[in-house]
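Notes follow once the structure below has been shown.
The values are calculated or read from the model by the stated rules, or taken from the named source; none is laboratory data. All values derive from a computational prediction rather than experimental measurement. Every residue, glycine among them, receives a Cβ derived from its backbone with ideal geometry; neighbour counts consider all protein chains shown. What goes into the accessible areas is simple: the full protein's heavy atoms, side chains included, and nothing from ligands, DNA or RNA. Shrake-Rupley method; radii C 1.70, N 1.55, O 1.52, S 1.80 Å.
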Amino acid sequence: MSRKSLDLTLSLLKAIDRAGSAEKILDASRPYLQGFGIDHIIASTIPAPGVSRSAQRNLVLFESVPPDWKKIYFARGYVYVDPIVRETLNRSTGFRWSDPDLGRYDGEASAQVMNQASDLGLRDGFTVPMTTLEQERGGISFVGERLEIAPVHRGMLTLVASYMFGQALMAQGSAGARVRALTPREREALQWAAEGKTDWEIGELMTISEHGVDYHLRAARAKLGAVSRAQAVAEALRRGFIV
Amino acid sequence: MIHVVTAANADAYADLMEQAYRLRHRLFVEVLGWQALARPDGREIDEFDDEHAVHLLAVQDEQLVGYSRLLPTTRPYVLSTHLPQLCEGPAPCADHIVEWSRIGVSETARTSGRRLNPVALDILTAIVEWCLPRGITHFVSEMPTSWLLRLLQLQVHAVPLGLPQVIDGEEVVAIEAGFDARSLARLQAKRGTTSTVLSDPIGQRRRLAS
């Protein structure tokens, strides 16, 4: 029994290894996952607080969910109240949304996210948390109306999730910038920051307030995936957005 | 700088090896909570730390900041002896395969934020650099499933030897990975240099200085 399960999983891992794009990863995995009742998949890293909608979208590695759900999720900033995201940050191994030890959804907002998801067919899920080499947190959720996952299947899905995530990161890396271009104001603010100007000086140079400067630099950080101004400058230089 | 300690040069590394056993205890027992490895004297050393073990010591400013161990698979090793349930078939046994067990980096060496841990990268590079000229082309290892992604990101082509199992409350998987000159080139690209990560043995350096 476990020999067959392993062989099935290994042949999918091989196929994922050969997949050169998010599309191909999803195509290769679909038949295997459907056997568990999985209809939808989301793979993403989790944004820090205050990240813009577009930057949040940018963190999605691949997905196959109803377009309506995607729209609502980002428009309403659901990532910040989604109880599954909170659970993902608190765990290191796969969990079912129906696991009895999952905290009850605290607050109306959390319950609303789950109910709306459920209405769109995203009722029963299995989420595998991910931590990258660069210490970024993320996860893959496998979702359907009703999942058929025996305990032994958790290990199989965890393996598949890790390889899908890893392959997608590699495909993204080699595809070059998935980073969205900086706006002219973001680029200008960052260019001055690279030259050592303070927020006040940049505000004077760009004839905007310090608050405005901070806004542009924060947006630039989100797009570049940077946690600090110095890192944002380094990333922007590397990608040729500033000189 | 990574120092490789074997039976041949162990005398010159007595002090650093003591640091290694204590680092192992601190990291695996105290930090990671692997109680099965706990020892009253605070030195994590097991039956496989014999003359056939190869120890990799990451040293910065004469302090041990990282550690790893390689064992031959042609003799009893951790996976074959204690965790055979992680393998669907028999545990691998061949001259060209080693078991990579015990990887740990001291908190003092860690880098926070989004940067890739350079010590871990150095250790992996040292393993490939040391193994290839000796005809070793594969390693097997057991690890928490949550570590898999990081291994894959380092372009290690790991293949599970069995389905993950929960052992002492942790989900663990055994993998086998192959490497070659291309792997080394990729690691060097990540490190940003092609110069060797391996140091000379301490004994040799002292002779040259006198």
**OP:** Answer with yes or no whether A:S110 is in contact with a Pro (Cβ under 6 Å, 6 or more places away or on another chain) and small (G, A, S).
**Re:** yes
Original post:
Only one residue in A:L89, A:L122, A:L102 is hydrophobic (A, V, I, L, M, F, W, C), in contact with a helix residue (DSSP H, G or I) (Cβ under 9 Å, 6 or more places away or on another chain) and either open to solvent by 10 Å² or more (accessible area, probe 1.4 Å) or more than 19 Å from A:D39 (Cα to Cα) (or both), so which one is that?
Top reply: A:L102
**OP:** State which residue is least open to solvent (accessible area, probe 1.4 Å) when the search covers only segment A:125-144 and only residues that are at the interface with chain B (Cβ under 8 Å from one of its Cβ atoms) and β-branched (V, I, T).
**Re:** A:T132
Original post:
Quick one: how many residues across segment A:145-162 are open to solvent by less than 40 Å² (accessible area, probe 1.4 Å) and in contact with a strand residue (DSSP E or B) (Cβ under 8 Å, 6 or more places away or on another chain)?
Top reply: 8
**OP:** State the number of residues belonging to segment A:27-64 that are of a type in the set (V, I, T) and not in a loop (DSSP other than H, G, I, E, B).
**Re:** 4
Subject >> Filtered residue count, segment A:52-72, keeping only those that are closer than 17 Å to A:D124 by Cα and of a type outside the set (D, E, K, R) >> reply: 4
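For segment A:1-26, give me each residue that is over 20 Å from B:L148 (Cβ atoms), in a helix (DSSP H, G or I) and within 13 Å of chain B (Cβ to nearest Cβ).
A:R3, A:K4 - these are the residues of segment A:1-26 that are over 20 Å from B:L148 (Cβ atoms), in a helix (DSSP H, G or I) and within 13 Å of chain B (Cβ to nearest Cβ).
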Original post:
A:Y80 fails exactly one of the following numbered conditions: (1) open to solvent by 30 Å² or more (accessible area, probe 1.4 Å); (2) modelled with pLDDT under 90; (3) within 15 Å of the chain's Cα centre (by Cα). What is the number of that condition?
Top reply: (2)
Subject >> Candidate set: segment A:27-51, residues that are away from chain B (no Cβ under 14 Å), within 14 Å of the chain's Cα centre (by Cα) and surrounded by 15 or more Cβ atoms within 10 Å (Cβ to Cβ); chosen: the one nearest to A:E148 (Cα to Cα) >> reply: A:I41
Original post:
Taking only pairs six or more apart or across chains, which ones have beta-carbon atoms under 9 Å, a first residue in segment B:178-192 that is farther than 13 Å from B:W130 by Cβ and free of Cβ contacts under 8 Å to residues at least 40 places away in the same chain, and a second residue that is open to solvent by 80 Å² or more (accessible area, probe 1.4 Å) and of a type in the set (G, A, S)?
Top reply: none
Original post:
Within the bounds of segment A:92-108, is there any residue that is at pLDDT below 90, part of a helix (DSSP H, G or I) and more than 16 Å from A:L157 (Cα to Cα)?
Top reply: yes
Subject >> Residue check, B:F48 within 15 Å of the chain's Cα centre (by Cα) and assigned to a loop (DSSP other than H, G, I, E, B) >> reply: yes
Original post:
What's the number of the condition A:L59 fails, among (1) open to solvent by 30 Å² or more (accessible area, probe 1.4 Å); (2) away from every other protein chain (no Cβ under 14 Å)?
Top reply: (2)
Subject >> Condition met for A:I149 (within 14 Å of another protein chain (Cβ to nearest Cβ), in a loop (DSSP other than H, G, I, E, B), modelled with pLDDT of 85 or more and touching a helix residue (DSSP H, G or I) at 6+ places or on another chain (Cβ under 8 Å)) >> reply: yes
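For segment A:6-33: of the residues being polar (S, T, N, Q) and modelled with pLDDT of 95 or more, which is farthest from A:E136 (Cα to Cα)?
A:S11
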Subject >> Filter result for the condition that a residue is surrounded by 17 or more Cβ atoms within 10 Å (Cβ to Cβ) and farther than 19 Å from B:A91 by Cβ, over B:E51, B:E62, B:E44, B:E30 >> reply: B:E44
Original post:
In segment A:53-83, how many residues are in contact (Cβ under 8 Å) with a residue 40 or more places away in the chain and touching a Lys or Arg at 6+ places or on another chain (Cβ under 7 Å)?
Top reply: 3
